[in-house]
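Heads up, the thing below is written out as C-alpha cells.
The values are calculated or read from the model by the stated rules, or taken from the named source; none is laboratory data. The structure displayed is predicted, hence computed values, not measured ones. All Cβ positions, glycine included, derive from the backbone under ideal geometry; neighbour counts span all protein chains shown. When the accessible area is computed, the model is the full protein with side chains, heavy atoms only, and any ligands, DNA or RNA have been set aside. Shrake-Rupley method; radii C 1.70, N 1.55, O 1.52, S 1.80 Å.
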Amino acid sequence: MKSLDPDLRALQEVRDQVKRAKAAVETLQDWDQERVDGLCRAMASAGLAAAHDLARLAVDETGIGRVHYKVLKNILGSEGVWDSIKDERTVGIVSRDERTGIDEVATPFGIVAAIIPTTNPTSTALYKALIGVKGRNAVVISPHPRARRCIGETTEVLRRAIERAGGPPDLVQCLSNPTIESTGALMQHRDVAIILATGGTGLVTAAYSSGKPAYGVGPGNVPCYIDRSADIEAAAAHVTASQSFDNGTLCCSEQALVLDAPIAESLLAAMVARGAHLCSPEETAKLEAVCNVRGGMNADVVGVDPWRVAELSGFRVPRHTTVLLAHQAGVGKEFPLSIEILCPLLSVHVVDGWREGCATSLELLRFDGLGHTLGIHCRDDAVLDAFFREKPANRILVNGRCSEGAVGYSTHLVPAMSLGCGPQAGNITSDNISAKHLVNIKRVARLRDDWFELEKRMHARAARLTGDVAPRGSGLPGDPALAAGGARPASGPASAGGASNWQGNPAFSAPASRPAPSPRTALLRPQPAPPAAAPVAAPASSAAAPPAAPAPKAGGAPRFTDRAPVARASARATLQAATLQAAAPPAGSAVGSSLSPKEIESILAHAGQGCPLGPCQGCPHHDESTGACRA
C-alpha cells in the first residue's frame, strides 16, 4: 500500500480498519457480561498506568495544555469512566419487570466512528474506547492531524490490554494518516453504525450530515454569573482553578464573568490576589485583535499559558499569571472577546442585579453556547430557581467549577469528555455521553393480565359515541365478521350447526310479468302501492331439486345487462322469485326469524358478498352504470 497516493492510501486504510472492526464485533456476539467487563477493566487499568506518559506526549505534540492537568484528564478518561459504567449491564437481558412483563435486551450498535479533538486527545480516546467496548462495539478512531501520534499511542496501549485479556485487539483502531477525506469516508462507510463527534462546529455539522446516527457536541460559550449574595472568596477561588485546569481547554470551561455590580470590584480584586491579570483598555484591544480571527477563536492561543497569550497580543504579564480578565461592553460580533476562546481568558460583563445578569447570560448562551453549560455563584434560592428555569443550558454548575464540574470530575454528573447540548444546539441528546448511549435496547412485551376486561371497557366507551357495540374484527359477541364466518350475529338466534342457507345462484327464465316484491326487498325499499301477489311456496322437502332452466331463446342466453327494459325486468323478477325459493330452509333445518332493517343494514355494511338478496347483477338496488348499491 506504500506505492499508493497518500490520499488513496488513507481511504484504503479506512476500508481495511472497518473490515477488521466488523470481524472483531462478530467475535464478541456470544460473550457474556463478565467477559466484556474483563476487557474494559483491562483497558481502564492500562490507560491509568500510562496516564503520565500519554499526557506528556500530548503536550509535546500539540503544544496545548499542561502535563499535570492532562494526567488528571487521563485518570478521568480511564479510571473515572470505568468506575461510572462498571456496574451497568450492556449484554443480553439487562432488566426484567415481573409486574409489567417487559424485558429489556441490550445489543451492540456495531462499529463506532470516533472523532477525537486536539484539545483533549488522549483522555477522549480512552473514554470513547471504553464506553464503546462496554457495549460490545468496535471503535475506529479518526484523530485530529495535530494529535495523531499521541492518540495513536493511546490506541496501542488499549489494543495490547485487550489482547492480554483474551479479546480481539481490532476492537480499537486508529487511522494513522487522517485527512478530511478519510474522516468523511469513515463517517459515511456503510458498515459504520454511529458517530461520536467531538470537535468544532464544522466537524459536528459534517457528522450530522453524513447520513449516520451521530452524537455531536456543540460549542460552549459558557457564562458564569456571580450574584451579590455569593461567597466572593470562594467564587474567585473556583473560577481561577477552573481556568487553570489544562488552560481552559474543556469546552465547558467559563468563557465570560457576569458580575453583579455591588460585588464586581471585590470579586475582581479577589481574583487578582490569586494571580489573575485585569487588562487595561489598551491591552483589551490588543487581545481582541489577536484572539478573535474572522469571528472565531484563533487556534494559536488555544490551551496556551496566559503569559503566552499576552505576548502573542503584544504585551507582557508575569509568568505566574493564572487568567486574563478583559472588560467587554456587550455581547455579539461587535465585542470580539464575547465568543468562546479556549484559553485562560475571560470577558467581564458588569450588570445591575440578577435580572440583568440573567439577560446577559442568555445573550452569551445564544451567541454560540446554546444548550451547553452555565455557572452561577449565588446563595439566594429565588435567584437560583430563576436561572434553573429560564436558562437554555443543560448543565448548570452551582457554587463550583464549570471545567471539572460539567465533565463529572468535581460533581456526580456522569464522567464524560463528550457533552450533549440538546436540540437547542442541534444535538440529539443533552446527556453526558456514556456507555448506555452506545447499546441498542430491545423490549420484549407480554399481554397484560387485565387486557380482555380492559378491552371490553374501552370498546364500551367507544360504542357510546359510535353506537357500534361489536365492530368488525373485534371478536366481541355480535362481531359481523364472526357471523360471516358461519355464526349468525348475536342479535338473532343461532342456526343449527352454523350452516348457511344459501343454495347457490338460481337459473333464470323470462316470465311475462314482474312478480311482487319479496318481503326482504320490501324491508329495504318499501313500495308505495305494492300489487297483490300470492306468496311463493317453499319446497316440500330438502330433497326437492331446483327448477330446471328453460332452453335459451334464439339470440343467446338472457343477459342481466340487456338494455331492453322488458328483458331486464324479467331477469330481475326471476332473481327475486328464485332468491325466496332458495332462501327457504329445507325440512329439518333451523329457521330464523325475519331480519329487521338494522340487521340488514349491518349485514350490507360488514358482510361483503353476504347480501341476503344474492348477487348484485339483476338486483333492483344495483346501479348498473356505477356498480353502487342503492339499498
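Worth pointing out:
- Most to least accessible of 56, 35 (protein chains only, probe 1.4 Å): 35, 56
- Accessible-area ranking of 37, 83, largest first, probe 1.4 Å: 83, 37
- Å² of accessible area per residue within the stretch 298-429, as computed with a 1.4 Å probe and no ligands counted: 42
- Only Lys, Arg, Asp and Glu carry charge here, each on its Cβ (+1 for the first two, -1 for the last two); on that basis the stretch 86-227 has a dipole of about 340 debye about its Cα centre.
- Length-normalised contact order for the stretch 1-115 - Cα pairs under 8 Å, 6+ apart - percent: 24
- Electrostatic bookkeeping for residue 388 treats Lys and Arg as +1 and Asp and Glu as -1; over the other residues with beta carbon under 13 Å from its beta carbon, the sum is -1.
- Shape analysis of the stretch 1-143 places it in the oblate category; the axes a ≥ b ≥ c from the Cα gyration tensor give an a/c of at least 1.5, with a/b not above b/c.
- Counting Lys and Arg as +1 and Asp and Glu as -1 over every other residue whose Cβ lies under 13 Å from the Cβ of residue 54, the net charge comes to -1.
- Mean separation of Cα contacts under 8 Å (6+ apart) over length of the stretch 344-469, as relative contact order %: 16
- Mean separation of Cα contacts under 8 Å, 6 or more apart, over the residue count of the stretch 104-215: relative contact order %: 31
- Carbon/sulfur fraction of accessible area - the stretch 1-156, other protein chains in place, 1.4 Å, %: 48
- Net charge, residue 167 excluded, C-beta distance under 12 Å - Lys, Arg +1, Asp, Glu -1: +3
- The residues of the stretch 1-126 expose on average 46 square angstrom of accessible surface per residue, using a 1.4 Å probe on protein heavy atoms.
- Exposure check, 1.4 Å probe, all protein chains in place: residue 436 carries approximately 120 Å² of accessible surface.
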